[in-house]
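The values are calculated or read from the model by the stated rules, or taken from the named source; none is laboratory data. Quantities reported herein were computed from a predicted structural model and do not represent experimental measurements. Every residue, glycine among them, receives a Cβ derived from its backbone with ideal geometry; neighbour counts consider all protein chains shown.
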Amino acid sequence: MQPPPAARGHRLPPLRWHGRRRHRPPPTTARGARAHRTRGLDCPNGGAWRRRRTCATAVGSGGGTALRIDPPRRHLHPTMGPDGSRTPTAMPSFDDADAALVGLGRTFVALVQPSTRIVRTLPSCTEIVGLPPAKLVGRPLAGLLPEGEPRRRFRATIDRVARSGERARLEHDLMWAGGRRRCLAHLTPVVVAGERLVHVSCTDVSHLSVARGIFEGQAALLGTLFAHVDEAVAGLSASGTVLALSDRAATILGVPREEALGRPFDRLLGCAPTLPDETAATVEIERRGPAGTTERLRLRFRRLSVGDDRVFAVGIEPLLPETESYERLVHLARTDPLTGVRNRSDVIAEMSRWIATTPDRPFYVAYVDLDGFKTVNDRFGHAAGDAVLQQVGHALRASVRKQDAVGRIGGDEFVVALRDVSDPEVAVQLARRLAHAVEGLGRKDETAAIRASVGVARYPDDGRTVEALLDRADAAMYAAKRDGGGKVVVTWTEPVPPLRSLP
């Protein structure tokens, strides 16, 4: 082959050889004499030196020496090209790619022919299987597998990978130095010097197989428990996929339990309830049942943590007409019909429950009385007064927290129980918020302005019974009214300034 015209007559740049000795290409005197050197070679490339593993052949040609530099043999494997064709591309060195895995002692790598005969492996792999290199190279890799179907399946998979160029994964047993081990083999087709081979990487997964067996046993136990529980219960993943389902829940949803597993929960319901962010939540939905009729369901969500994963336990309860009627009666018995807040008996029962269940946890009672309400009633009638009370009930509910309880004692008097408050300053700020929410409601003119006088008592300092707390809070409220109204008075300090003078 003639060199390109641009290269003829030019002096070859100096080449730097690396090996055990530094030397130049060997000179030749006889025509046709050849000398071979395989060393690391530094070739100039754009002003920079690059070290390449190469094979150089020096050929004597009478008047000089012809030097042919051949690229090194590289492991090639077919990859998908832009047009869909498979083209060979360079693959990382066999040693560099797999030495780290083999060093962990759990991976065996080899290049094998379609017949599974081992062409090349790493020296450290011989320790894994307990065979010397001389007996390992050239030996069929399938011979390390148990006889019978495992060997036949392994040979068929290797042959298919070599012919089709498609990667494959296979789980099988392999005889290691310490006995039979469960391995996961990754099979990759490669082309080396025009020969189709298969790169085999077998990783010991015996420990994973044991863990998987334990997991499958626990999953089977969980499935059995869910199948025989009498309640309608479902287990959901963080994304809403059904992980477990009881037979009762499957009956309500109208789908076989086996078909429901792995499906989105909202698809089974026919609607999309939002998974709650809080630890527990209850929602009621309306859906079209299996018979085509409209039915109502109550879903009780509870968020659980299993390791690093978040799952949901869901209780499913159908709301029958008689159930709704009973619950409506209970709601009416506990609610003030005019304002929508708790009635006197229910708010007292709630505070009594707090004292019985958490006797060492302090809470505060705010007694709210409306200033100027009688004027509204006298000037504009009882209908206007009822409207004002409704507005006050709505304003108080909107001003408290979820754990607090708002109730109407009677007439224009309300009680707000403030739970989980230990700092007296926080209780004062919450009481001021109540007074501020009421101020100005129902105002027609300045002569009918509504304000609130608030008295605050503290449990257990002001009493260990609800009656004692209400008496103390009521006395503080009347102290605020005697001082001109529109104030917050507490039982443990002097009266605070009027609301209108606060910043």
Self-check item: Top-ranked residue of the range 355-368 - restricted to ones that are out of contact with any Gly (no Cβ under 8 Å at 6 or more places or on another chain) and of a type outside the set (A, V, I, L, M, F, W, C), ranked as modelled with the highest pLDDT
Solution: Y364
Self-check item: Cβ-Cβ under 6 Å pairs, at least 6 apart or on other chains, the range 386-412 side among the aliphatic types (A, V, I, L, M), far side surrounded by fewer than 17 Cβ atoms within 10 Å (Cβ to Cβ) and in a helix (DSSP H, G or I)
Solution: V406/R397; I409/R344
Quiz item: Is there any pair linking a residue in the range 414-436 that is more than 17 Å from A476 (Cα to Cα) and not assigned by TED's automatic domain parsing to the domain that holds R397 to one that is at pLDDT 90 or above and surrounded by fewer than 21 Cβ atoms within 10 Å (Cβ to Cβ), with Cβ under 7 Å and at least six apart or on different chains, and which?
Solution: none
Quiz item: Hey, among the residues in the range 316-354 that are buried (at least 16 other Cβ atoms within 10 Å of the Cβ) and not in a helix (DSSP H, G or I), which one's modelled with the lowest pLDDT?
Solution: E317
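With outside any helix (DSSP H, G or I) and either closer than 16 Å to I118 by Cβ or in contact with a Pro (Cβ under 8 Å, 6 or more places away or on another chain) (or both) as the only criterion, which of V190, V161 stands out?
Values: V161 fails: outside any helix (DSSP H, G or I).
None of the others qualify; the one that does is V190.
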Practice problem: Name the residue, out of R248, R257, R287, that is at pLDDT 85 or above, in the same structural domain as G235 (by TED's automatic domain parsing) and basic (K, R). | Solution: R248
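Every residue, every condition in (1) over 27 Å from E147 (Cα atoms); (2) buried (at least 17 other Cβ atoms within 10 Å of the Cβ); (3) within 32 Å of the chain's Cα centre (by Cα); (4) at pLDDT below 70, yes or no:
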| site | (1), (2), (3), (4) |
| --- | --- |
| L170 | no, yes, yes, no |
| M175 | no, no, no, no |
| G178 | no, no, no, yes |
| H186 | no, no, yes, no |
| E195 | yes, no, no, no |
| D204 | no, yes, yes, no |
| T224 | yes, no, yes, no |
Exercise. Mind listing whichever residues of the range 272-294 are within 23 Å of the chain's Cα centre (by Cα), more than 16 Å from E317 (Cα to Cα) and exposed (fewer than 13 other Cβ atoms within 10 Å of the Cβ)?
Key: A272, T274, D277, E278, T279
Quiz item: Has the range 156-166 got at least one residue that is modelled with pLDDT of 65 or more and of a type in the set (S, T, Y)?
Solution: yes
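Against the definition (closer than 19 Å to N343 by Cα and in contact (Cβ under 8 Å) with a residue 12 or more places away in the chain), how does V376 come out, yes or no?
When the stated conditions are applied, V376 does not pass them.
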Quiz item: Looking only at the range 193-207, which residues are within 15 Å of I128 (Cα to Cα) and either touching an Asp or Glu at 6+ places or on another chain (Cβ under 7 Å) or not in a loop (DSSP other than H, G, I, E, B) (or both)?
Solution: V200, S201, C202, T203, D204, S206
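Given the condition closer than 26 Å to R298 by Cα and among the aromatic types (F, W, Y), answer yes or no: does some residue in the range 317-334 qualify?
Checking the range 317-334: at least one residue is closer than 26 Å to R298 by Cα and among the aromatic types (F, W, Y).
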